[in-house]
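Please read the structure below before turning to the comments.
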Amino acid sequence: MITRFAPSPTGPLHLGHAFSALTAFDMAQAAGGTFLLRIEDIDQSRCRPEWEAQIFDDLLWLGLRWPEPVMRQSARLPTYHAALIRLWDMGLLYPCTCARRDIAAALGAPQEGAMGPDGPVYPGTCRDKPRPPVLPSDAVLRLDMGRAVAGLGPLGFEETGENAGWHRVDPAALPATVGDVVLARRGMGTSYHLSVVVDDAAQGITHVVRGADLQEATQIHVLLQAVLGLPRPIYHHHRLIRDDQGKRLAKRDDARALATYRAEGRSPKDICLMVGL
Ligand code: GLU
């Protein structure tokens, strides 16, 4: 078993991250497997070295250990580029020049468009424009979902934990429910969906442990694995840690930051109890 915790260094780790990391670590420990840490720092405009240092510090304090050196997504742009070239050569990508407001205008009233895991389903404005002969550099690239699912058989993924069972994904439904997701952002050369799928495969992750907020994105990941011929891990989407108002914790909730609890003198054991472990 190989599990991973894959934080983005864009803010302090909070109780929700602690729960996720501890769950992934404990699962690997119980199975005599390996727990990996991966730094998801593709969005260089939001990532900070001090947040990354704090991640290492907080996780060590919690008692977690992992093999070094850790995988850092910012060092893997050539690998993501190679995956984009493969998709481009299959005719599954196209450049998109729409601004957010163009998309909103094309969709009309917000309630008219379907909501996908990444927000409103893209109306396809740029899909049928002539495509350049080679993969353009530094463009927004979207997956042509209609073409991507053509000829694909039934898809799905195995889930362990709270939602254990087989989760079916109907490829034919994806163009309408998910649409042409962005696989490369401008100034980034990749996207969360592309990098996470490529890296989980590269690291041989057998069990992806992450919050239930990412369960909807998993159908995109399963589709990309099928198209790119990558192995499909087992998924474990765990419950979310919420604040007293029942709201999911966010990075801006400094009050729930592990660093705040540490400064108050709480112990790792206190953290485990707080998240119900
Ligand atoms: N980097 C993502 C985050 O911090 C998590 C990615 C994943 O677990 O798939 O939310």
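A few notes on this one:
- Using only side-chain charges placed at the Cβ, +1 for Lys and Arg and -1 for Asp and Glu, the dipole size of the stretch 104-152 relative to its Cα centre rounds to 180 debye.
- Charging the Cβ of each Asp and Glu at -1 and of each Lys and Arg at +1, and nothing else, the dipole of the stretch 176-277 about its Cα centre rounds to 140 debye.
- Share of carbon and sulfur in the accessible heavy-atom surface of the chain [1.4 Å probe, %]: 54
- The listed peptides 144-154, 21-31, ordered by packing as a protection proxy, come out as 21-31, 144-154 (highest mean of other Cβ atoms within 10 Å first).
- A straight chain from Ser137 to Gln245 at 0.36 nm per residue would run longer than the Cα-Cα distance by 34.4 nm.
- Convex hull volume per residue in cubic angstrom - Cα atoms of the chain: 139
- Listed as lacking a disulfide-compatible partner in the chain: Cys47, Cys98, Cys272, by the criterion of no other cysteine Cβ under 4.7 Å.
- Annotation: per residue accessible area for the chain equals 47 Å², rounded to a whole number [probe 1.4 Å, protein chains only].
- Rounded if a/c under 1.5, otherwise prolate or oblate - the stretch 114-154, Cα gyration tensor axes: oblate
- The Cα trace of the stretch 110-201 gives Rg and Dmax of 15.1, 47 Å, the first to one decimal, the second as a whole number.
- Unit charges on C-beta of K, R, D, E only; dipole of the chain, Debye: 320
- Helical contribution to [θ] at 222 nm, DSSP H n ≥ 4, -39,500 (n - 2.57), averaged over the chain, rounded to 500: -10000 deg cm²/dmol
- Within the chain, DSSP assigns beta bridges of which about 55% are antiparallel (rounded to the nearest 5).
- For the stretch 65-214, the relative contact order works out to 26 percent when only alpha carbon pairs closer than 8 Å and six or more residues apart are counted.
- Computed from the alpha carbon positions, the gyration tensor of the stretch 45-118 leads to an equivalent ellipsoid with semi-axes of 36, 22, 12 Å, biggest first.
- Figure note: Ser191, Ser8 ranked by solvent-accessible area, largest first, 1.4 Å probe, ligands and nucleic acids not counted: Ser8, Ser191.
- Out of every Cα-Cα pair that the stretch 1-149 contains, those further apart than 19 angstrom amount to 66 percent.
The values are calculated or read from the model by the stated rules, or taken from the named source; none is laboratory data. These figures come from a predicted structure and were not determined experimentally. Reconstructed Cβ throughout: ideal geometry from the backbone, glycine too, with neighbour counts over all protein chains shown. Heavy atoms of the whole protein, side chains included, go into the accessibility calculation; ligands, DNA and RNA do not. Shrake-Rupley method; radii C 1.70, N 1.55, O 1.52, S 1.80 Å.
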